[in-house]
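Student: Mind having a look at this structure? Questions to follow.
The values are calculated or read from the model by the stated rules, or taken from the named source; none is laboratory data. Remember, predicted model here, so these are calculated numbers, not experimental data. All Cβ positions, glycine included, derive from the backbone under ideal geometry; neighbour counts span all protein chains shown. The protein model used for the area step is the full one, side chains on, heavy atoms only, and it has no ligands, DNA or RNA in it. Shrake-Rupley method; radii C 1.70, N 1.55, O 1.52, S 1.80 Å.
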Amino acid sequence: MYGQEFKFFDLLEIFKNREEVEGTGECVDVYDYTDFNMRWIEPPIPIYYISTLDEYGNSNVAPISLGTCCWGEHPWGRHYYTIGVQHTRNTNRNLKLNKECVISYANARQLKESTIACCPLPYGISEMDVAKFTPLPSKKVKPAGIKECISNLEARVIDEVEVSNTTIFVVEIVGMSVDKEALDRDRHSKYQLGIGGTDLVFEMSLTGSPARMNYGLIDQNRILPCPSTIGDEKEWKGSFESWMTSELHRGRMTKKEYKRLMLLNKSWIRNSNPAANGEVKKELTELLREMIWRPIRDNDYVRKNDVQAGKEHNYVRNSVGYYDFTHELMEVTGKDAAKFLDRMMVGGVSKIKTTQAKYMTMLNRDGIIIDDVIVFRPEEDKYWVSTLKIDKMFIWFDMNKQDEDVSYREITCDKTMYAVQGPDSRKVLNAVLEKDITDQKFYTICDNAIDGHPVKIARCGYTGELGYEIYCDPDNELLVETKLEECGKEYNIQRITTDVIITSLPKEKGYVLMSDLERLNPLEAGFDWTIDWSKDFIGRDVLEKIKAEGGPKRTMMGFMIDDAKAALQFEGKVFKDTKKIGRITCYTYGYTVEKVIGYCLIDTDAAKPGDTVSIHGYKAVLSDRVFYDPENARIRG
């Protein structure tokens, strides 16, 4: 059984005073008397050819296995290779000279050609010719690719690092040519393996005297898909916040645990020195470890038969429920606060009157939504911005602040927010609060008190029902919960513990999470109504261009599926008459509408509400995104 006993290798001592003679594989004999083998460090690596040109245009093709791919994350999305090439190789000389190459992946049918290309041909004699490769003309660089290779990556050198007798070249992939037959194969393949489905050759070990390579292949019958029930449910990587939201959505943690993890993460980010912040590190680690190993049910998202979730959904729809779901709060002050926020947000912040609130989005310079927020104006010279991405908001504000007289600070730890939602919410709060709230208008925030303790009451919510939010001092949490339970008993008030507050309740009403808006602009999301075109804001020029060109090419719609057992996947493809027309962005079971519902991003000209489409083989009907109470009668109470 692995993990019981280990042997340590002091690599500096093993290779002390040893120099490998180029090309002899002398280091192999070290394996014989030490048990050391480089394969305990370096896993099997796919073999690829590097094609370069010398100063005279002569082609050089060298099999390489010392390298790996990496890529720059959003919004750049550029791909790079790091390639280790010894100083004595012609490839090294040519890369330093011309700064260009083509990377071509080898397959099992080319072992002989690969061996030939490894031979020490005279400088300037092309391995392309001797190994009988067929040149594939490149589009972006001068060296040619290899037609016998299924994928050819054109690259340019952007950096070089000298390490011992080797140069580490960093190259950027600027273009690629892929065999069309292979592309067609992947369109109909379950796992879409790309080059992994082409009998790639992997360098496995180095044995013998003289040393010879041993190669292996991928066993395509043993593909092990990554678990779909761990990690961000909508992004390949996502953020800590979106990952935690996904685990909350799955039911892997409670809202209280979610809140604690978010606060711990924030504390750790601000001081990641374990000597000074060790207790935070320890608690954060233990909570994450304990949470992520909890089992969850298969297909936990669409769960018609989840009794507890169904009950809590119906409590909010038919009576009243409450829950603690404190968002992050930024307080913005200063005589130019409104002017600054007007430039940051698409909505008219300067038009918000004291005690009013407004929903809006914040865009980057490409017009893409980077946050959706509610801006409150609780006092004449003070604004609150309710968000779930406050750290990124701080960075964005700092980057774009000009000479405005404005200050902003986080007040999340100073406030706890309880949402009280449902048709009986007003009756409960009128029994809890010192001031009657019967006449309080929608999207306003007003001062009030509970047993002499000041609170703020916002008339808003995320459920599609008449609802309110209580902002109180964290020291008064027990008081607030006790009063809600006591005064709400008459109305059968229930504390909501499941994730219906971010799934079935808001989705039936057409409300979105920020994760639903990733990579969208507000026109695609149907948020035209949030935009104040009478002012300037970041991203406005892009939106104006989209409008001038006839509107967005994609539109977020709703969809409904009658089959309650539909097993869907986030980012799943939407087809109409066998043609892909979009992708789904979220889905859940709607306990009131009694259907599987969700949102999808659809090519604007490809479909309209009422059309029938196919999602993962299930028949679905496109619709408006609001499935419940489109007249807003419930919210008005």
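Student: Search segment 146-165 for residues being open to solvent by less than 40 Å² (accessible area, probe 1.4 Å) and part of a strand (DSSP E or B), and hand back the single one that is modelled with the lowest pLDDT.
Tutor: Ser151
Student: Looking only at residues that are surrounded by 15 or more Cβ atoms within 10 Å (Cβ to Cβ) and more than 23 Å from Pro506 (Cα to Cα) in segment 615-637, which one is modelled with the highest pLDDT?
Tutor: If we take residues in segment 615-637 being surrounded by 15 or more Cβ atoms within 10 Å (Cβ to Cβ) and more than 23 Å from Pro506 (Cα to Cα), then Tyr618 is modelled with the highest pLDDT.
Student: Could you check segment 129-145 and list, in sequence order, the residues that are within 15 Å of Leu95 (Cα to Cα), open to solvent by less than 50 Å² (accessible area, probe 1.4 Å) and in contact with a Gly (Cβ under 9 Å, 6 or more places away or on another chain)?
Tutor: Val141
Student: Could I ask something else about it? So which of Ala606, Ala566 ends up being open to solvent by less than 10 Å² (accessible area, probe 1.4 Å), in a loop (DSSP other than H, G, I, E, B) and out of contact with any helix residue (DSSP H, G or I) (no Cβ under 9 Å at 6 or more places or on another chain)? If you could, list the steps in order and put the result at the bottom.
Tutor: Numbers: Ala606 fails: open to solvent by less than 10 Å² (accessible area, probe 1.4 Å).
When all the criteria are applied, what remains is Ala566.
Student: Pairs under 8 Å by beta carbon, first residue closer than 30 Å to Ile125 by Cβ in segment 37-57, partner among the hydroxyl-bearing types (Ser, Thr, Tyr) and assigned to a loop (DSSP other than H, G, I, E, B), six or more apart or different chains?
Tutor: From segment 37-57, the pairs are Ile45/Ser65; Pro46/Ser65; Ile47/Ser65; Tyr48/Ser65; Asp54/Tyr123.
Student: Which condition number in (1) assigned to a helix (DSSP H, G or I); (2) surrounded by fewer than 15 Cβ atoms within 10 Å (Cβ to Cβ); (3) at pLDDT below 85 is the one that His249 fails?
Tutor: (2)
Student: Additional query: Being under 24 Å from Leu513 (Cα atoms), at pLDDT below 95 and out of contact with any strand residue (DSSP E or B) (no Cβ under 6 Å at 6 or more places or on another chain) is the requirement here; does Glu571 meet it?
Tutor: no
Student: On to the next question. How do the pairs read when you match residues in segment 177-202 that are within 21 Å of Pro46 (Cα to Cα) and at pLDDT 70 or above with residues anywhere that are assigned to a helix (DSSP H, G or I) and of a type in the set (Ser, Thr, Tyr), using Cβ under 8 Å and keeping only pairs 6 or more apart or on different chains?
Tutor: Val201/Ser114
Student: Got at least one residue in segment 102-116 being over 40 Å from the mean Cα position of the chain (by Cα), of a type in the set (Gly, Ala, Ser) and surrounded by 19 or more Cβ atoms within 10 Å (Cβ to Cβ)?
Tutor: no
Student: Kindly list the number of the only condition in (1) closer than 21 Å to Trp533 by Cα; (2) in contact with a strand residue (DSSP E or B) (Cβ under 9 Å, 6 or more places away or on another chain); (3) of a type in the set (Ser, Thr, Tyr) that fails for Thr387.
Tutor: (1)
Student: Across segment 512-540, which residue is nearest to Arg583 (Cα to Cα) among those that are exposed (fewer than 14 other Cβ atoms within 10 Å of the Cβ) and without any contact (Cβ under 8 Å) to a residue 24 or more places away in the chain?
Tutor: Here the residue is Trp529.
Student: It is to be established whether one or more residues within segment 428-438 are in contact with a strand residue (DSSP E or B) (Cβ under 7 Å, 6 or more places away or on another chain), of a type in the set (Lys, Arg), surrounded by fewer than 20 Cβ atoms within 10 Å (Cβ to Cβ) and more than 22 Å from Ser386 (Cα to Cα). Let's see the steps before the verdict.
Tutor: Just the residues of segment 428-438 that are in contact with a strand residue (DSSP E or B) (Cβ under 7 Å, 6 or more places away or on another chain), to begin with: 428-429, 432-435, 437.
Next, only the ones that are of a type in the set (Lys, Arg) stay: 435.
From what's left, surrounded by fewer than 20 Cβ atoms within 10 Å (Cβ to Cβ): 435.
Remaining after also requiring more than 22 Å from Ser386 (Cα to Cα): 435.
Yes, some residue in segment 428-438 is in contact with a strand residue (DSSP E or B) (Cβ under 7 Å, 6 or more places away or on another chain), of a type in the set (Lys, Arg), surrounded by fewer than 20 Cβ atoms within 10 Å (Cβ to Cβ) and more than 22 Å from Ser386 (Cα to Cα).
Student: Mind listing whichever residues of segment 450-500 are outside any strand (DSSP E or B), in contact with a helix residue (DSSP H, G or I) (Cβ under 8 Å, 6 or more places away or on another chain) and under 17 Å from Lys259 (Cα atoms)?
Tutor: Answer for segment 450-500, where residues must be outside any strand (DSSP E or B), in contact with a helix residue (DSSP H, G or I) (Cβ under 8 Å, 6 or more places away or on another chain) and under 17 Å from Lys259 (Cα atoms): Asp473, Pro474, Ile496, Thr497, Thr498, Asp499, Val500.
Student: Could you please let me know if Glu73 is modelled with pLDDT under 75 and open to solvent by less than 70 Å² (accessible area, probe 1.4 Å)?
Tutor: So Glu73 fails the test.
Student: Just to be sure, is Lys401 at pLDDT below 95, under 17 Å from Tyr322 (Cβ atoms) and not aromatic (Phe, Trp, Tyr)?
Tutor: So Lys401 does not fit the description; no.
Student: All but one of (1) more than 23 Å from Pro474 (Cα to Cα); (2) among the hydrophobic types (A, V, I, L, M, F, W, C); (3) open to solvent by less than 70 Å² (accessible area, probe 1.4 Å) hold for Trp293, so report the exception by its number.
Tutor: (3)
Student: Considering only residues of segment 305-334 that are more than 30 Å from Phe397 (Cβ to Cβ) and surrounded by fewer than 16 Cβ atoms within 10 Å (Cβ to Cβ), which is modelled with the lowest pLDDT?
Tutor: Asn305
Student: Quickly run through segment 576-603 and pick out the residues that are over 18 Å from Arg554 (Cβ atoms) and surrounded by fewer than 15 Cβ atoms within 10 Å (Cβ to Cβ).
Tutor: Asp577, Thr578, Val593, Glu594
Student: While we're looking at this one, here's another question. Considering segment 523-551 alone, what residues qualify as being closer than 15 Å to Asp342 by Cβ and in a loop (DSSP other than H, G, I, E, B)? Please lay out each step first, then the result.
Tutor: We begin by selecting, within segment 523-551, every residue closer than 15 Å to Asp342 by Cβ; these are 530-540.
Listed by number, the residues that qualify are Ile531, Asp532, Trp533, Ser534, Lys535, Asp536, Phe537, Ile538, Gly539.
Student: Still on this model: Just to be sure I understand, how many residues within segment 9-56 are in contact with an Asp or Glu (Cβ under 6 Å, 6 or more places away or on another chain), open to solvent by less than 70 Å² (accessible area, probe 1.4 Å) and modelled with pLDDT under 55?
Tutor: Selection size over segment 9-56: 2.
Student: Looking only at segment 345-366, filter to residues that are under 23 Å from the mean Cα position of the chain (by Cα) and at pLDDT 95 or above; which one of those is farthest from Trp396 (Cα to Cα)?
Tutor: Met360
Student: To continue, here is another question. For segment 411-426, name all the residues that are assigned to a helix (DSSP H, G or I) and surrounded by fewer than 16 Cβ atoms within 10 Å (Cβ to Cβ).
Tutor: Cys413, Asp414
Student: Got a number for residues in segment 76-101 being at pLDDT below 80 and open to solvent by 80 Å² or more (accessible area, probe 1.4 Å)?
Tutor: Number satisfying all stated conditions: 1.
Student: Do we find that Ile502 is of a type outside the set (Ser, Thr, Tyr), open to solvent by less than 30 Å² (accessible area, probe 1.4 Å) and touching an Asp or Glu at 6+ places or on another chain (Cβ under 8 Å) in this structure? Write out each step before concluding.
Tutor: On the way: of a type outside the set (Ser, Thr, Tyr): yes; open to solvent by less than 30 Å² (accessible area, probe 1.4 Å): yes; touching an Asp or Glu at 6+ places or on another chain (Cβ under 8 Å): no.
No; evaluated as a whole, the condition is false for this residue.
Student: Considering segment 252-279 alone, what residues qualify as being of a type in the set (S, T, N, Q), more than 18 Å from Lys392 (Cβ to Cβ) and open to solvent by 50 Å² or more (accessible area, probe 1.4 Å)?
Tutor: Those that are of a type in the set (S, T, N, Q), more than 18 Å from Lys392 (Cβ to Cβ) and open to solvent by 50 Å² or more (accessible area, probe 1.4 Å): Thr254, Asn271, Asn273.
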